[in-house]
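Values quoted throughout were computed directly from the atomic coordinates according to the rules given, and no laboratory measurement underlies them. Worth saying up front: this structure is predicted, and the values here are computed from it rather than measured. Because the Cβ atoms are built from the backbone with ideal geometry, glycine has one as well, and the counts that use them run over all protein chains shown.
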Amino acid sequence: MNLRMTIFLLVCLGFSLAEDDIVIQLWEKKGRIRGHVLKSGKGLDYYAFQNIPYAAPPTGQNRFKEPKEPDDWEGILNTTVNERVCMQNNATAYTKIPNSMEISEDCLFLNVYTPMKPGNIEKASLSVLFWIHGGGYLFGSGAFQYYNPKFFIDADVVVVTINYRLGPFGFLTTADGVIPANLGLKDTILAFKWVHRNIHLFGGDSKRITVAGESVGAFSAGYLQLNRELRGKIQGFILESGSPLSPVAIQDDPRHFAFSMGKVLDSTFKSNRSEDLLDLLLKTPAIRISEADVPNDRYTAKVIGRNSIWTPTIENGGNPSAAVTKPMHEALIIGDFIQAPLLTGFCSEEFRIFFKNLTVEEIARIGGSYDQNASYIIDSRLHVADNDVGIAASKYKSIYTNGTFKNDPGAFIRFLSGDTFITPASRHAELASKFSPVYLYQFSYQGVMDGLLYLPNVTGTESVAHTAELKYFFEGVAGHAGDPTDYPESDQLTMKRLLVLWTNFIKYQNPTPNLNPTLENIVWPRVRGDNIQYLNINHTLEILSNPKSYDDVKRVLNNYMNPPLVVF
């Protein structure tokens with residue numbers, strides 16, 4: 001090789017290294033981080049920073065403590081790969097943890113993906129999507145392997161994804177301050193504060209952050225609407241298939257489950273002192289806590305099971321760091337929440353995914369238990385008078401079937417889809433719309449991309465299950481596999497439409513600010529009080545009213561429920 005060619009190659013290599021070596025000094029002197037270059041959906045360069053620590057490791061004596069700011073570090077931290085997911089019992093997961101990832105307590109990291117090369121904070125003007133992953137508060141991760149954001153990047157949106165503590169590590173509490181409540185929510189709040197302080201370094205505008213999530217990620221996004229510290233810092237919210245008004249979004253007996261955990265871990269544990277329980281938990285290996293089978297003996301009707309145990313709870317309002325100090329339902333009624341624009345909705349038959357391993361006969365058997373127990377149909381936190389529970393349950397059930405759930409398992413699934421996801425989302429939209437713009441949707445398009453065609457279908461043609469819409473936004477464990485062009489043209493069109501609607505909302509707080517032929521020139525109307533109009537997203541786009549018999553359900557519940565109002 002001659003000298004001229006050698007010099008040329010060295011110069012090219014130098015430019016390549018300079019392009020790939022993206023280093024940022026974080027705000028408040030935490031330290032420097034190194035990112036790297038990835039390719040967007042259109043093949044354009046974007047800049048990824050993965051596994052950024054936003055909190056100190058919740059390990060050792062920090063286990064079951066509120067999250068703390070991380071220590072500063074020397075040198076440059078390599079943030080180019082996701083390696084950890086938070087402690088989770090993978091036996092409960094619907095998907096497997098990628099082989100490249102480790103289950104660990106030391107997991108409080110976030111990821112930032114930006115189409116703008118960092119370094120010019122004067123041009124930090126991009127809208128930001130702050131994404132909270134789902135997984136029943138039991139599993140999942142915000143890692144790149146789960147949520148590849150490259151399609152949002154093509155719309156000039158900065159994307160942030162996060163990890164937060166799961167299961168008992170995130171939601172076990174003694175309800176007296178010894179083991180604080182809602183640690184997983186508090187992790188999320190601390191992560192948001194990090195983003196608000198630092199996102200300008202990545203080209204994002206701290207005044208243009210939309211908080212979004214799916215399933216329990218939507219529960220968490222909804223609970224962030226209550227946080228007084230975040231008022232004025234969030235531009236909008238997206239709640240996909242989840243509202244804090246859901247019966248499985250909150251539990252009211254956390255101390256019982258905390259001490260049940262102690263007894264599962266040590267059969268000789270008899271103490272009722274919170275300090276003794278904490279001591280036991282600190283000495284127990286994390287994997288044993290994660291895999292402990294704590295009996296769900298308070299919410300036996302909830303067929304999602306353990307999800308009703310490790311969930312948020314209402315805290316003592318005297319705690320300045322409390323995440324939830326009042327029922328979301330009451331807060332929405334009086335307007336005591338962050339009154340920012342909201343985009344929310346549901347899949348047309350959410351609950352199919354939770355029965356994916358059951359036969360029709362098994363579904364019918366579970367439905368029969370509801371036929372025999374009115375209290376399964378009428379949640380206790382509706383505070384219906386004892387002598388009215390039977391008649392209220394009968395009227396509620398009659399909306400879905402004239403017979404029994406045992407003989408009509410399709411009606412049973414429709415009831416569970418409504419009771420757990422659709423009715424709470426519609427109620428949330430209705431109440432919030434009195435104070436800020438709200439856009440409600442139903443995702444009804446059943447395609448190949450969502451990979452859910454194998455699920456049992458006993459409900460009819462509108463049968464799109466929980467998580468389906470995620471496949472059209474992301475690649476990865478939570479998204480779709482392969483290239484979009486591998487899928488039918490109708491799938492590709494649906495993906496394009498969803499991304500236009502969602503990124504319009506992220507940028508303009510309006511999903512249809514202009515007429516767009518891709519969207520059939522439709523104008524998505526706001527929810528206006530009792531007039532619950534919504535966008536039905538199927539092969540075509542259609543404006544409909546009264547989602548899934550919501551008016552009928554509301555009429556029954558309003559007639560019988562009593563304060564304090566918690567769920568709906």
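Using the Cα centre of the chain as the reference point, and only Cβ charges (+1 on K/R, -1 on D/E), how large is the resulting charge dipole? Debye, rounded to the nearest 20.
Values: 53 positive and 59 negative charges, 147 e Å.
Here the chain has a charge dipole of around 700 debye.
Among DSSP beta bridges whose residues both lie in the chain, state the antiparallel percentage, nearest 5. Write down the numbers at each step before the final one.
Numbers: 24 of 60 bridges.
Roughly 40 percent of the DSSP beta bridges within the chain come out antiparallel.
Seen from every direction in turn and averaged, the convex hull around the alpha carbons of the range 337-434 projects onto 7.6 nm². When you count the other C-beta atoms within 10 angstrom of each residue and take the mean per peptide, 170-176, 519-525, 365-371 line up highest first as 170-176, 365-371, 519-525. Annotation for TYR508 and ASP552: the two label points, set 7 Å from Cα along the Cα-Cβ direction, are 3.7 nm apart.
Give the cross-link partners of LYS30 among the aspartates and glutamates, using a straight C-alpha distance below 17 Å as the criterion and excluding same-chain residues fewer than 8 apart. Correct list for LYS30: GLU69, ASP71, ASP72, GLU74.
Ordering of 66-74, 126-134, 334-342 by packing is 126-134, 334-342, 66-74, highest average first (other Cβ atoms within 10 Å, averaged per residue). Our compactness index for the range 341-560, the C-alpha radius of gyration over the empirical 2.2 N^0.38 Å, is 1.08.
Loop only by DSSP, 14 or fewer other Cβ within 10 Å of the Cβ. Give me the trypsin sites (Lys or Arg not before Pro) in the range 240-272 that pass, ordered by residue number. Before the final figure, lay out each step's value.
Details: sites: ARG255, LYS263, LYS270; in loops: LYS270.
Of the trypsin sites (Lys or Arg not before Pro), the ones in loops of the range 240-272 whose Cβ has at most 14 other Cβ atoms within 10 Å are LYS270.
Per-residue ellipticity at 222 nm from helix content only, as computed over the chain with -39500 (n - 2.57) for each DSSP H run of at least four residues, stands at -8500 deg cm²/dmol. For the range 3-320, the share of alpha carbon pairs falling in successive 20 Å distance bins from zero is 32, 54, 13, 2 percent. Considering only THR512, ILE366, SER40, the residue lying farthest towards the positive end of the dipole of the chain is THR512, judged by Cα position with unit charges set on Cβ. Seen against the Cα atoms of the chain and their longest principal axis, helix 489-508 is set at about 80 degrees.
In summary, the aspartates and glutamates within cross-link reach of LYS548, defined as a Cα separation below 19 angstrom excluding same-chain residues under 8 places away, comprise GLU240, GLU349, GLU350, ASP408, ASP419, GLU430, GLU462, GLU469, ASP530.
On a full-extension model of 0.36 nm per residue, what is the gain between THR284 and ASN538, subtracting their alpha-carbon distance, rounded to one decimal in nm?
Working: separation 254, 0.36 × 254 = 91.44 nm, distance 4.95 nm.
Full-extension gain reported as 86.5 nm.
With +1 on each Lys and Arg Cβ and -1 on each Asp and Glu Cβ, how big is the dipole of the range 3-320 about its Cα centre, in debye rounded to the nearest 20?
Working: 33 positive and 33 negative charges, 71 e Å.
Here the range 3-320 has a charge dipole of around 340 debye.
Length gained on full extension, ASN272 to LYS68: 70.6 nm, using 0.36 nm per residue less the C-alpha separation.
With the highest mean first, a sort of the peptides 149-158, 225-234 on other beta-carbon atoms found within 10 angstrom per residue produces 149-158, 225-234. The amide H of ILE103, built 1.01 Å from its N in the peptide plane, has VAL85 as neighbours under 5 Å, considering only residues 5 or more places off or on other chains.
Annotation for the range 226-268 versus the range 55-129: alpha-carbon center distance of 21 Å. In terms of distances greater than 26 angstrom between alpha carbons, the cross-link table entries LYS193/LYS507; LYS29/LYS326; LYS96/LYS326; LYS65/LYS193 yield LYS29/LYS326; LYS96/LYS326.
Provide the gained length on full extension for the span SER380 to THR359, in nm with one decimal, where the gain is 0.36 nm per separating residue minus the Cα-Cα distance.
Numbers: separation 21, 0.36 × 21 = 7.56 nm, distance 2.91 nm.
Computed gain between SER380 and THR359 is 4.7 nm.
Placing a pseudo-label 7 Å from each Cα along the Cα-to-Cβ vector at LYS434 and VAL448 gives an inter-label distance of 4.8 nm.
Bridgeable aspartates and glutamates around LYS68 (alpha carbons under 14 Å apart, same-chain partners fewer than 8 residues away excluded): ASP106, ASP187.
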